[in-house]
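Shown next, in structure tokens, is the structure this report addresses.
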Amino acid sequence: MGNLRPRIAVFAGKCVLLLLRLTGRKGTTLPGAVALKAAPDLLSWMGKQLSGRVILITGTNGKTTTANFLTNLLKLDGIDVIHNTLGANLLTGIATCLLNGLRPGTEQVAVLEVDEATMRHVVPKILPASIVVTNFFRDQMDRYGEVDHVMELVGQAISLGDPAMKLILNADDPLVAALGAIHESVIWYGIESTGLDTGDDGDVRDGRHCLVCGSQLKYQRVFYGGLGHYGCSFCEFARPVPTVPIMDVEAGLDKLQFTIWGMTGTLTSKALYNVYNAAAALIGASMMGVSTATLSLGMQNMETGLGRMERFDAAGRAVVLTLVKNPTGFNQALRVLETETAVEVQFILNDLYADGTDVSWIWDTNLERVLQQAQITRITASGTRAFDMAVRLKYAGWSGQIDVQPGDVQAVKTLLELPHGGSGPLYILSTYTSLYKVRDFLLNYKGGGAVAEV
Amino acid sequence: MQKFRIAHLYPDLMEVYSDRGNVIVLQQRMKWRGYEAEVDFVTVGETSTLRDYDIVFAGGGEDRQQAIVARDLLSRQGEMEAALQSGSLVLTICGSYQLMGHYFQTLTGERIEGLGLLDLYTVGSRNRLIGNAAGILQPQTGNGVNASGVSTVVGYENHSGRTYLGQGVRAWFEVLSGAGNNGSDAGEGAQQGGLYGTYYHGPLLAKNPHLADDLLQQAMARRGSPVQLSRLDDELELAAHRHILKKLQTK
């Protein structure tokens, strides 16, 4: 009986999935919801099937990109991977992905990105071999609450895991580093050396006070947000020495270069945070037994995936689309604008539930800096809260025209049809609910703009 | 050029709700009118002379940070009073607003002492009051309506504390939509002399340019140099303001 019920639940879920597909829908959560209803213990059963071969990825930013990198590395080594590709990272989305991909009796590996608040429901059931925690930043306060609360939730989840589980933690984030105190087995990664001008962005530093004693943290170096080389001015708390140091992070043309384990890798992205995502993925892959030869090959031209600094060729026009959802990610995207000799930018700011209904976070971004530093030729404010964005730009000191075009796809279309001689590539910074709509539109623009080769 | 000075208290600690936007708005609106507008940051352990400032501002923060700030603020009680007496205008949001009252009693019964400059107290609760909100300016407080004729105020609430006003203080706004101070008496925020407090984030002044000008004008009058501030083009700000009002109506 104990074995039959999950199997029936999986069958029921697959039927729902099939029905949804027949009616032309994607169904990233409903099949899982049905299966979980049929067998509440479904995840434990799935965890047993995948025993020792599950990696969970959580944290505020970089979950999807890290999971994509890791999946690509595993696949390159010939491993059969289950992965929640579309970022459906709540309980029902995870169940859907597993019931769709799981083939009991095989040696599959599951790479699952999991929402921070969902972790404590997933960890005790799946009992993952490893958990990656990317970072903790202020994010959608209406939904998650304060950063302290999110950290607590993830800490709780970790304490519910197998004691032999390996944590893969970002040493450069003091909030993540604090998790090291609650678990024995940790692999730390962090940026050891870089020639990049990372300067202080005036970013919101969610962790600038010591979590142990409350005193100020002193930074010898800040990479972005609260990430850097730090130590408490009063107690013992300090950046852990990375088990896996990331060396010589440098910028190339349209690329970032880094060295791990003496091997040099490249990213087809100019955003520094992707170096951390790459490192976490490489460590995860090596833990799952991927060979050094494959890792060395897989770390060449690592691609960030859907809607993450993704490049398009829209009928001859270069377009870069990226997700922004909180000040830290937004500031990092702005840094990339500064590397262009001329650039046009469109902000799509929505306030639906999945975006966060509070849009005030745009006031914590360093737009003041980018308006001075970047060669911006045109600015468009779009989305359900286009006017909020326009107001922010005005107060950040943009004295030129601010084109207000509420909506998303139609606004992008209008922009692409304007003359753009010499105005440079178009960067679209979008919150979640417009991201995939705009991406689909760009892919099909005028008979299909293939993703541009970089 | 005339100098306008703003003190931003605890920008490193009371910072998670983007209330710093209010300081940007105040500063820019003075600059656009040809004033030299300076902002100084003051945080825990630093000395300051708050009465030197035209406006003193403090925003909202997380519980852990708020406890640190509470201790520091108590040591500045006399200074705060002196500033108010010498004509500074003080604007506080959310956590800082709570700390201007007599006390904050947490869910676990712990009592955090406030400055007692606003006759009010706050009690913690389990449910957070979250969402877009709107109020209308009480005609008694300040000039109320500016040349643009707008008397509504829009903001975003996100607090679990319930604030109750005493006799010596009145609500800054009357609630049109949202929970307000405590979800029951239709009042939002408080005003007592030159001291203002509210739960509205957004940031408050970004979509309420009339309120920003009202505060700026009061600050100048309190400091003995009353002026009629010139009108600015607030088309974008008021479009954003109307968008929230419309959103709340159709909900």
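If only one of A:Ala157, A:Ala177, A:Ala181 is over 28 Å from B:Gly202 (Cα atoms), at pLDDT below 95, away from chain B (no Cβ under 14 Å) and assigned to a helix (DSSP H, G or I), which one is it? Answer to the check: A:Ala181. Filtering the stretch B:216-237 down to residues that are of a type in the set (A, V, I, L, M, F, W, C), in contact with a helix residue (DSSP H, G or I) (Cβ under 7 Å, 6 or more places away or on another chain) and in a helix (DSSP H, G or I), which residue is nearest to the other protein chains (Cβ to nearest Cβ)? Across the stretch B:216-237, the extreme among qualifying residues is B:Leu236. Restricting the search to the stretch A:421-439, which residues are surrounded by fewer than 17 Cβ atoms within 10 Å (Cβ to Cβ) and in a loop (DSSP other than H, G, I, E, B)? A:Gly421, A:Gly422, A:Ser423 - these are the residues of the stretch A:421-439 that are surrounded by fewer than 17 Cβ atoms within 10 Å (Cβ to Cβ) and in a loop (DSSP other than H, G, I, E, B). A single entry from A:Val391, A:Val370 fulfils the requirement of being within 21 Å of B:His201 (Cβ to Cβ), out of contact with any strand residue (DSSP E or B) (no Cβ under 7 Å at 6 or more places or on another chain) and either of a type in the set (A, V, I, L, M, F, W, C) or more than 13 Å from chain B (Cβ to nearest Cβ) (or both): A:Val391. Can you go through A:Ala251, A:Ala314, A:Ala285, A:Ala333 and tell me which one is assigned by TED's automatic domain parsing to the domain that holds A:Asp77 and at pLDDT below 95? Matching residue, one of A:Ala251, A:Ala314, A:Ala285, A:Ala333: A:Ala251. Taking the stretch B:1-58 as the region of interest, the strands (runs of 3 or more DSSP E) fully inside it that hold 2 or more residues being within 14 Å of another protein chain (Cβ to nearest Cβ) are B:36-42. Being of a type outside the set (S, T, N, Q), in contact (Cβ under 8 Å) with a residue 24 or more places away in the chain, buried (at least 18 other Cβ atoms within 10 Å of the Cβ) and in contact with a strand residue (DSSP E or B) (Cβ under 9 Å, 6 or more places away or on another chain) is a property that B:Ala67 lacks.
For the stretch B:177-211, taking the residues that are within 11 Å of chain A (Cβ to nearest Cβ) and more than 19 Å from A:Thr357 (Cβ to Cβ), the one that is farthest from the chain's Cα centre (by Cα) is identified as B:Pro209.
Which of the residues belonging to the stretch A:394-415 are more than 8 Å from chain B (Cβ to nearest Cβ), among the β-branched types (Val, Ile, Thr) and in contact with a Leu (Cβ under 9 Å, 6 or more places away or on another chain)? Once the filter is applied, which keeps residues that are more than 8 Å from chain B (Cβ to nearest Cβ), among the β-branched types (Val, Ile, Thr) and in contact with a Leu (Cβ under 9 Å, 6 or more places away or on another chain), the stretch A:394-415 yields only A:Val412. Name the single residue, out of those in the stretch A:341-377 being hydroxyl-bearing (Ser, Thr, Tyr) and in a loop (DSSP other than H, G, I, E, B), that is nearest to A:Glu146 (Cα to Cα). Among those that are hydroxyl-bearing (Ser, Thr, Tyr) and in a loop (DSSP other than H, G, I, E, B), it is A:Thr357.
If the condition is being aliphatic (A, V, I, L, M) and over 23 Å from A:Gln108 (Cα atoms), then the stretch A:1-32 contributes A:Met1, A:Val16, A:Leu19, A:Leu20, A:Leu22, A:Leu30. Of the candidates B:Gly61, B:Gly87, the single residue that is touching a residue at least 60 places away in the same chain (Cβ under 8 Å), assigned to a loop (DSSP other than H, G, I, E, B) and either surrounded by 15 or more Cβ atoms within 10 Å (Cβ to Cβ) or of a type outside the set (Ser, Thr, Tyr) (or both) is B:Gly87. Within this structure, B:Leu205 passes the test of being touching a residue at least 24 places away in the same chain (Cβ under 8 Å), part of a loop (DSSP other than H, G, I, E, B) and under 17 Å from B:Tyr156 (Cβ atoms). Of all residues in the stretch A:332-367, those satisfying the criterion of being more than 14 Å from chain B (Cβ to nearest Cβ) and either free of Cβ contacts under 8 Å to residues at least 12 places away in the same chain or hydroxyl-bearing (Ser, Thr, Tyr) (or both) are A:Thr339, A:Thr341.
Checked against (1) modelled with pLDDT under 85; (2) out of contact with any helix residue (DSSP H, G or I) (no Cβ under 9 Å at 6 or more places or on another chain), A:Thr29 meets all criteria but (2).
Applying a threshold of 6 Å to beta carbon distances and a minimum spacing of six or more residues, or different chains, the list of pairs starting in the stretch A:419-443 at a residue that is free of Cβ contacts under 8 Å to residues at least 40 places away in the same chain and ending at one that is not charged (D, E, K, R) reads A:Lys437/A:Val409; A:Phe441/A:Val409.
The values are calculated or read from the model by the stated rules, or taken from the named source; none is laboratory data. Values in this document were obtained by computation on a predicted structure and should not be read as measured data. Here Cβ is always computed from backbone atoms with ideal geometry, including for glycine, and neighbour counts include all displayed protein chains.
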